[in-house]
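Colleague: Okay, here's the structure, questions in a sec.
The values are calculated or read from the model by the stated rules, or taken from the named source; none is laboratory data. This one's a predicted model, so the numbers in the text were calculated from it and none came from an experiment. Cβ coordinates were reconstructed from backbone atoms using ideal geometry, including for glycine residues, and neighbour counts include every protein chain displayed.
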Amino acid sequence: MRAKERARAAGLSPASARRGQPALPFRVRHGGFRPGAGRKPDGERAGVSHAARDEFDVRVPLHVTVKLRPGLPPLRRAAEYAVLRAAFVAASKPAFRLVHYVVLDDHLHLLVEADDRAARTLGIQGLLIRVARGLNRRWRRSGPVYADRYHARALATPSEVRNALRYVLGNARKHAAEGRQVAVPQAIDVFSSAPWFDGFREAFKVRGLEGVERPVVPPRTWLLRTGWRRHGLLSVHELPG
């Protein structure tokens with residue numbers, strides 16, 4: 001047996017055998033799971049799983065949430081909100097519809113519908129791209145705007161849809177009640193689609209909407225159009241649980 005082969009059989013590398021030092025008794029492996037390997041998430045931890053998304057039923061609306069990267073200017077300002085409304089108007093198509101939303105300082109909640117999976121996927125992506133590009137132009141910057149990929153949740157029952165409507169339309173007021181640096185001086189949050197919502201029990205009128213293009217479209221799914229009303233209309237004074 002040659003010297004190199006005898007060294008390997010004894011657990012020594014040829015170089016270690018010459019120096020009289022033992023080699024580590026581990027085989028070199030390539031591929032497979034390694035702790036800490038792979039793409040690192042934005043921020044301290046990943047907010048949304050990068051696994052394949054669930055196959056949502058196209059007959060049900062989705063509640064979409066997307067967060068901005070830390071350190072960006074707040075969204076609840078007149079100029080930023082004008083950028084967002086323009087993106088919302090341009091994003092809705094016959095096969096993809098933005099029905100409701102709320103704008104918070106560092107994230108968005110959206111209720112959307114689509115006629116099929118492709119329209120839904122492309123519609124959400126197109127909407128978020130328009131928002132990001134518009135905000136970057138406004139802020140005279142470039143680069144990513146979102147902290148992570150969006151989160152989507154299917155609303156499959158009338159009660160789930162009603163709860164989502166209450167959550168989205170009253171979210172800023174809930175934050176304000178908790179002292180979370182959001183000001184909502186009136187019952188109707190004007191940084192949401194609440195001024196265009198026809199499901200409140202109370203009658204009201206928001207001034208200044210005459211020259212504002214409607215940023216949302218009427219729902220077509222039964223759940224968002226009619227089904228949720230089985231559990232009662234919303235009050236402008238309701239807050240999310």
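Colleague: Just one of 123, 143 is buried (at least 18 other Cβ atoms within 10 Å of the Cβ), modelled with pLDDT of 95 or more and not β-branched (Val, Ile, Thr); which is it?
Modeller: None of the other options fit; the residue is 123.
Colleague: Just the residues that are in contact (Cβ under 8 Å) with a residue 60 or more places away in the chain, in a loop (DSSP other than H, G, I, E, B) and in contact with a helix residue (DSSP H, G or I) (Cβ under 9 Å, 6 or more places away or on another chain), please, taken from the stretch 128-156.
Modeller: Passing the criteria: 144, 145, 150, 155, 156.
Colleague: Can you confirm whether the stretch 97-110 contains a residue that is more than 16 Å from residue 131 (Cβ to Cβ) and either modelled with pLDDT under 95 or in a loop (DSSP other than H, G, I, E, B) (or both)?
Modeller: No: the stretch 97-110 contains no residue that is more than 16 Å from residue 131 (Cβ to Cβ) and either modelled with pLDDT under 95 or in a loop (DSSP other than H, G, I, E, B) (or both).
Colleague: Do you know which residues across the stretch 61-71 are more than 12 Å from the chain's Cα centre (by Cα) and buried (at least 19 other Cβ atoms within 10 Å of the Cβ)?
Modeller: 61
Colleague: Does residue 223 fit the bill of being buried (at least 17 other Cβ atoms within 10 Å of the Cβ) and either hydroxyl-bearing (Ser, Thr, Tyr) or within 19 Å of the chain's Cα centre (by Cα) (or both)?
Modeller: no
Colleague: Report, ordered by the first and then the second residue, all pairs with beta carbons closer than 7 Å, sequence separation of six or more or different chains, a first member in the stretch 92-108 that is in contact (Cβ under 8 Å) with a residue 40 or more places away in the chain and under 17 Å from residue 195 (Cβ atoms), and a second member that is assigned to a strand (DSSP E or B) and of a type in the set (S, T, N, Q).
Modeller: From the stretch 92-108, the pairs are 101/192; 102/192; 103/192.
Colleague: While we're looking at this one, here's another question. Which members of the stretch 206-241 meet the condition of being basic (Lys, Arg) and assigned to a loop (DSSP other than H, G, I, E, B)? So that I can check it myself, show each step before the final result.
Modeller: Of the residues in the stretch 206-241, the ones basic (Lys, Arg) are 207, 214, 220, 225, 229-230.
Scanning the stretch 206-241 gives 207, 214, 220.
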